[in-house]
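Trainee: Next up is a structure, given as structure tokens.
The values are calculated or read from the model by the stated rules, or taken from the named source; none is laboratory data. Please read these numbers as outputs of a predicted model, since none were measured by experiment. Please note: Cβ atoms are built from the backbone with ideal geometry, for glycine as well, and neighbour counts cover all protein chains shown. Calculation scope for accessible area: heavy atoms of the full protein, side chains included, ligands and nucleic acids excluded. Shrake-Rupley method; radii C 1.70, N 1.55, O 1.52, S 1.80 Å.
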Amino acid sequence: MESSAILVDLTRKTALVTGGAQGIGKAIAKRFHAAGSKLIVVDTCEAQLLELDSELGTDIITCVADISCETDLQSKLAPIIAAQGPVDILVNNAATVTRRAKITDLSLEEWERSLKVNLTGAFLLSRMVIPQMCANGGGVILNIASQLGHVAVQGAAAYCTTKGGMLQFTRSLALDHAEDNIRVVALSPGAVQTPRLTDVFGSSAAAEETLAPAHPIGRLGKADEVADAAMFLVSDEASFITGTDLIADGGYTAR
């Protein structure tokens, strides 16, 4: 059962969500759509994008593209933005997770892939939409980081490094474009029940049993709860919030 949507009006807004075909990204896309936003959803999985398109029906355009590849974005996404823009809200959500390993056992290819998707992708998308936002009088960039950008766990150096970098990227971008009326904020979820987590642990029950004890609230998060936090951050109700991060982690980092 979905949580109650925050009452925010996003009509006449165009939102671009990366990694929006499943998990947290899909929950955010659906929440924005319910609030009246026109959506551009980017993902690498065509089948899941088609499913989302069928589910929402109207005011959604999907794009199969690798956000870490500038050529892919220019050939596939840029024409969509030119036709549908300007983009009012950018959600840099797409991310990849490397296998659990110390860096001495991690290949250069795995390390670089993490950097390219988790950080370079956010850079490329932000660079693409910021000129439009400036010309249109402002906008919001929401970067989905992680509690593991604040604290670390063993065997996740690549992921922790990129999510920590996302927080600094948020702060720097906010300072650079405050005068352009562009707010840049980050959202750091704790462990959230998503298909990716289920794949890692074999089942949602196994994920809950393993990870819930690390969260003082006693359970894992729900994608809809993260989407509600995202909705607040991009709304006019958060108009004085920029250059900072909202941690939605069930108390994980409070210990």
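Trainee: So, with a 1.4 angstrom probe, what is the percent of accessible area on the chain that is carbon and sulfur? If you can, show how the numbers build up before the last one.
Mentor: Details: 6370 of 11930 Å².
With neighbouring chains kept in place, the figure for the chain is 53 percent.
Trainee: Still on this model: Could you tell me which residue out of THR104, GLN84, LEU115 lies farthest along the dipole of region 76-118 toward its positive end? Charges go on the beta carbon: Lys and Arg +1, Asp and Glu -1, centred on the Cα centre.
Mentor: THR104
Trainee: Based on alpha-carbon centroids, what's the gap between region 28-88 and region 154-203 in Å, whole number please?
Mentor: 20 Å
Trainee: While we're on this one: For the chain, please report how many Lys pairs fall under 15 Å Cα to Cα, leaving out neighbours fewer than 8 apart on the same chain. Intermediate results must be reported in sequence, preceding the final value.
Mentor: Numbers: LYS13/LYS30; LYS13/LYS38; LYS26/LYS38; LYS26/LYS222; LYS30/LYS38; LYS30/LYS222; LYS116/LYS163.
Close lysine pairs found across the chain: 7.
Trainee: Helix 223-234 versus the longest principal axis of the chain: what is the Cα-based angle in degrees, 0 to 90, to the nearest 10?
Mentor: 40 degrees
Trainee: Helix 46-56 versus the longest principal axis of the chain: what angle, 0 to 90°, nearest 10, using Cα atoms?
Mentor: 60 degrees
Trainee: A further question follows. Looking only at ASP66, ASP53, ASP105, which one moves most when the chain is put into a Gaussian network model with springs between Cα atoms under 10 Å?
Mentor: ASP105
Trainee: When 1/r is averaged over all different Cα pairs and the result inverted, which Kirkwood radius in Å belongs to the chain?
Mentor: Values: mean 1/r = 0.0546 Å⁻¹.
Taking the inverse mean of 1/r over all distinct Cα pairs, the chain comes out at 18.3 Å.
Trainee: How long are the semi-axes of the ellipsoid equivalent to region 97-146, from square roots of 5 times the Cα gyration tensor eigenvalues, in whole Å, largest first?
Mentor: Listed largest to smallest, the semi-axes of region 97-146 are 32, 11, 5 Å.
Trainee: Moving on. Among LEU124, LEU175, LEU108, determine the one that fluctuates most according to a GNM of the chain built with springs between C-alpha atoms less than 10 Å apart.
Mentor: LEU108
Trainee: Ordering VAL64, VAL17 by accessible area with a probe of 1.4 Å, largest first, what comes out? Intermediate values should be presented prior to the final figure.
Mentor: Working: VAL64 55, VAL17 0 Å².
Ranking VAL64, VAL17 by accessible area, largest first, yields VAL64, VAL17.
Trainee: Also, I was wondering about something else. For every other residue with a beta carbon closer than 14 angstrom to the beta carbon of HIS215, add +1 if it is Lys or Arg and -1 if Asp or Glu, then tell me the sum.
Mentor: On the way: positive: ARG219, LYS222, ARG255; negative: GLU208, GLU209, GLU225, ASP249.
Neighbour charge sum, excluding HIS215 itself: -1.
Trainee: Output wanted: per-residue J couplings in Hz (rounded whole) for region 29-40, from phi through Karplus 6.51 cos²θ - 1.76 cosθ + 1.60, θ = phi - 60°, x for Gly and Pro.
Mentor: Each residue's phi maps through the Karplus curve to give 4, 5, 5, 5, 4, 5, 8, x, 6, 7, 10, 10 Hz.
Trainee: Of the candidates VAL151, VAL185, VAL41, which one comes out as most mobile in a Gaussian network treatment of the chain with C-alpha springs shorter than 10 Å?
Mentor: VAL151
Trainee: How big is the shadow of the Cα convex hull of region 120-255, averaged over all directions, in nm²? Working shown, then result.
Mentor: Details: hull surface 34.8 nm².
Mean shadow area of the hull around the Cα atoms is 8.7 nm².
Trainee: Using just the Cα positions, wrap region 1-146 in a convex hull and report its mean projected area in square nanometres, one decimal place.
Mentor: Details: hull surface 39.0 nm².
Result: 9.8 nm².
Trainee: Using a 1.4 angstrom probe on the protein heavy atoms only, line up ASP88, ASP180 by accessible area, largest first. It would help to have the intermediate numbers written out before the result.
Mentor: Values: ASP88 20, ASP180 45 Å².
From most exposed to least exposed: ASP180, ASP88.
Trainee: Quick one: which residues, 5 or more positions from ALA248 or on another chain, have an amide H under 5 Å from its amide H? H modelled 1.01 Å from N in the peptide plane, none for Pro or chain starts.
Mentor: The answer is SER188, GLY190.
Trainee: Averaged per residue, what accessible area in Å² does the chain show with a 1.4 Å probe, protein chains only? Please report the intermediate quantities before stating the final value.
Mentor: On the way: 11930 Å² over 255 residues.
On a per-residue basis, 47 Å².
Trainee: Of the options ALA152, LEU173, SER188, report the single residue whose Cα projects farthest towards the positive end of the charge dipole of region 123-213 (beta-carbon charges: Lys, Arg +1; Asp, Glu -1).
Mentor: After comparing all options, I get LEU173.
Trainee: Then there is this: Mind listing the phi-derived Karplus ³J(HN,Hα) values for region 155-166, rounded to whole Hz, using 6.51, -1.76 and 1.60 with θ = phi - 60°, and x for any glycine or proline?
Mentor: Calculated HN-Hα couplings, in order: x, 10, 4, 5, 5, 4, 5, 5, 6, x, x, 4 Hz.
Trainee: Given charges of +1 on the Cβ of Lys and Arg and -1 on the Cβ of Asp and Glu, with all other atoms neutral, how large is the dipole of the chain about its Cα centre, in debye to the nearest 20? Provide the component values of the computation, followed by the final result.
Mentor: Details: 20 positive and 29 negative charges, 80 e Å.
It works out to roughly 380 debye.
Trainee: What is the ratio of the Cα radius of gyration of region 146-193 to 2.2 N^0.38 Å, where N is its residue count, to two decimals? It would help to have the intermediate numbers written out before the result.
Mentor: Values: Rg = 12.7 Å, N = 48, 2.2 N^0.38 = 9.6 Å.
For region 146-193, the normalised Cα radius of gyration is 1.33.
Trainee: Using a 1.4 angstrom probe on the protein heavy atoms only, could you order HIS33, HIS150 from most to least accessible area?
Mentor: The residues order as HIS150, HIS33, largest area first.
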